[in-house]
Amino acid sequence: MDIVFFNGEYLPKDKIRISPDDRGFLFAEGIYEVIRWYRSFFYDMDGHIARMKASLEKTRIIWPAAGSFPEIALELIRRNMLEDQPALVYLQVTRGAAIRSHAFPKPPVPPTVYSFARGMMPDNNDPESGIRIMLAEDIRWKRCDIKSIALLPNTLSFQEALDSGFHECAFVRDGKITECSHSNIFFVSGGSLYTHPETEHILPGITRKNVIRIARNAGIAVMETPVTINMLAAVSEAFLTNTSGEIVPVTLIGEQVIGNGQPGPITLLLRSEFRNEINSLQG
Ligand code: PDD
């Protein structure tokens, strides 16, 4: 039985009881985080904590123990005997349980805090293959910078992509490609890297931020400028970034084959630089 963290305690998962009055259940009113464990360390814990705290602040959810997430995450890895394998730790925080009302509970109630760990099989060890992504209108709201648990537009669009034979869905807002259902997206054009700027239309991905740093250190120019659908024909490479997949080459977007349909040299270079960083952190 998995051991999970729930409101200050470590418990077997089947002992968890969440109130039907929880505002996460009633209003999807909560935030989440996902961090990757690499056998001996969490990648960029500081970045994940900073984003979690920003999401809490923007949603006005108060979790005084937010700074304890590194201890919780490590304890979950230990208690579930995941130390020696790649794993993900999820954290979900909602405004808590209270009689249904659009107004915030008064007096405030404690947040509901739930965290769990699970082992993962890395699925990105084959740089020869690339994935196909669908284009769809960005039907999400205007605060995509918050890592909100309200993910219906994301799951609907992702499932539509799967049902249509694609691996992921890229959102288009006013002709500009923003990001994907659960990843950020980068393009290579004229030897430079392009990705949507950190605005309220994308999640500030932790992998995105680190890939930008790694690319600049490798001498690659990075433009935080959106790519429009009209520019796609001029794109020579594309890839996705997220915590679980790291850097995933993209070889088809909608009907547009990217480059020669194979992962390109800058994508492969960045994958190898990212791997080098992981290996050096692993010691
Ligand atoms: N998703 N954009 C969206 C909409 C996301 O949901 C995610 C992450 C990202 C990439 O962020 P990061 O590099 O910090 O993982 C971008 C996670 C993995 C998830 O929902 O499972």
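Annotations for the structure displayed:
- Check on I31, surrounded by fewer than 20 Cβ atoms within 10 Å (Cβ to Cβ) and under 19 Å from F6 (Cβ atoms): no
- Criterion applied to G254, G283, G219, G191 was being at pLDDT below 95, surrounded by fewer than 18 Cβ atoms within 10 Å (Cβ to Cβ) and not β-branched (V, I, T), and the one residue passing it is G283.
- Residue in the stretch 96-107 that is surrounded by 17 or more Cβ atoms within 10 Å (Cβ to Cβ), in a loop (DSSP other than H, G, I, E, B), on the phi > 0 side of the Ramachandran plot and away from the ligand (no atom under 16 Å from the Cβ) present: yes
- Test: residue in the stretch 238-256 that is assigned to a helix (DSSP H, G or I) and assigned by TED's automatic domain parsing to the domain that holds I185: no
- Cβ-Cβ under 7 Å pairs, at least 6 apart or on other chains, the stretch 170-189 side outside the structural domain of H201 (by TED's automatic domain parsing) and of a type in the set (F, W, Y), far side more than 12 Å from the ligand (Cβ to nearest atom) and not in a strand (DSSP E or B): none
- Condition check for A233: closer than 20 Å to A170 by Cα, open to solvent by 40 Å² or more (accessible area, probe 1.4 Å) and not assigned by TED's automatic domain parsing to the domain that holds Q85: yes
The values are calculated or read from the model by the stated rules, or taken from the named source; none is laboratory data. Just so we're clear, the structure is a prediction, and the values are computed from it rather than from any experiment. Positions of Cβ are generated from backbone atoms using ideal geometry, with glycine treated the same way; all protein chains shown enter the neighbour counts. Side chains are part of the model used for accessible areas, which takes the heavy atoms of the whole protein and leaves out ligands, DNA and RNA. Shrake-Rupley method; radii C 1.70, N 1.55, O 1.52, S 1.80 Å.
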